[in-house]
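Below is one structure; the comments refer to it alone.
The values are calculated or read from the model by the stated rules, or taken from the named source; none is laboratory data. Since we're looking at a predicted model, the values are computed, not measured. FYI the Cβ positions are ideal-geometry reconstructions off the backbone, even for glycines, and counts take in every protein chain you see.
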Amino acid sequence: MVGQNFAGNIIVNLANLPDFLRSPILKKRMVEFFTLSEPEREEVINNALEAGPTIPFPNFSKLFKTWLKILTTLSEEQREGLFSAYIFEVARSPQKLITFNLDGILEIFLTLEENEREILASTIRKIINNLDEEGKRRILIIVPENAKKHLKF
């Protein structure tokens, strides 16, 4: 991508904020995502996938947990829209996910309440199951076995 990674910079800054500031700002940004054009959404997703692995994991984990918790409060349609954007991009370019600490991400997911985990897992299963066979294969090949177990794949 040409130009500055504004979405990536926002992500890095959000990761460094205390919880009481991070949550409302992140939720506002997540809801704003749906007002963007398709090319802008793709840019945000790609910038986030690029920025994520550059954030020290303790900060990333706080940000990611906040993101997951906010997702559980959104409508199914919004949750599916956000997850779909990430899953479709990773299905196109699986290498974008390889640089993430996937075991650490699973551990963050497992710290959520059981009902929150099920809300998220249900949405993820629905999206992945609706992918074409090649997209589904590309996603499932990079998802660790332990994560597949928790997502019920």
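Worth a mention:
- Within the set Ile124, Ile70, Ile87, the sole residue that is within 12 Å of the chain's Cα centre (by Cα), surrounded by 16 or more Cβ atoms within 10 Å (Cβ to Cβ), modelled with pLDDT of 90 or more and within 19 Å of Leu14 (Cα to Cα) turns out to be Ile70.
Residues are listed down the side, and each one gets a yes or a no for (1) more than 20 Å from Lys148 (Cβ to Cβ); (2) hydrophobic (A, V, I, L, M, F, W, C):
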{"site": "Leu49", "(1), (2)": "yes, yes"}
{"site": "Gly52", "(1), (2)": "yes, no"}
{"site": "Phe83", "(1), (2)": "no, yes"}
{"site": "Ile105", "(1), (2)": "no, yes"}
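- Condition check for Thr99: surrounded by fewer than 18 Cβ atoms within 10 Å (Cβ to Cβ), among the β-branched types (Val, Ile, Thr), within 28 Å of Asn129 (Cβ to Cβ) and modelled with pLDDT under 95: yes
- Residue within the range 58-65 that is closer than 30 Å to Glu145 by Cβ, free of Cβ contacts under 8 Å to residues at least 24 places away in the same chain and not aromatic (Phe, Trp, Tyr) present: yes
- Extreme residue, modelled with the lowest pLDDT, among residues of the range 135-153 that are among the charged types (D, E, K, R) and touching a helix residue (DSSP H, G or I) at 6+ places or on another chain (Cβ under 8 Å): Lys152
- When each of Arg41, Arg79 is tested for being farther than 18 Å from Leu106 by Cβ, at pLDDT 95 or above, buried (at least 17 other Cβ atoms within 10 Å of the Cβ) and basic (Lys, Arg), the lone residue that passes is Arg79.
- Qualifying positions in the range 108-128 - hydrophobic (A, V, I, L, M, F, W, C) and either part of a helix (DSSP H, G or I) or touching a strand residue (DSSP E or B) at 6+ places or on another chain (Cβ under 8 Å) (or both): Ile108, Phe109, Leu110, Ile119, Leu120, Ala121, Ile124, Ile127, Ile128
- Taking the numbered list (1) under 27 Å from Ser37 (Cα atoms); (2) part of a helix (DSSP H, G or I); (3) over 14 Å from the mean Cα position of the chain (by Cα); (4) not β-branched (Val, Ile, Thr) in turn, Leu131 passes all entries but (2).
- Being under 22 Å from Ile142 (Cβ atoms) and out of contact with any Pro (no Cβ under 9 Å at 6 or more places or on another chain) holds for only one residue in Leu49, Leu36, Leu74, and it is Leu49.
- All positions within the range 134-153 that are surrounded by fewer than 17 Cβ atoms within 10 Å (Cβ to Cβ) and in a loop (DSSP other than H, G, I, E, B): Pro144, Lys152, Phe153
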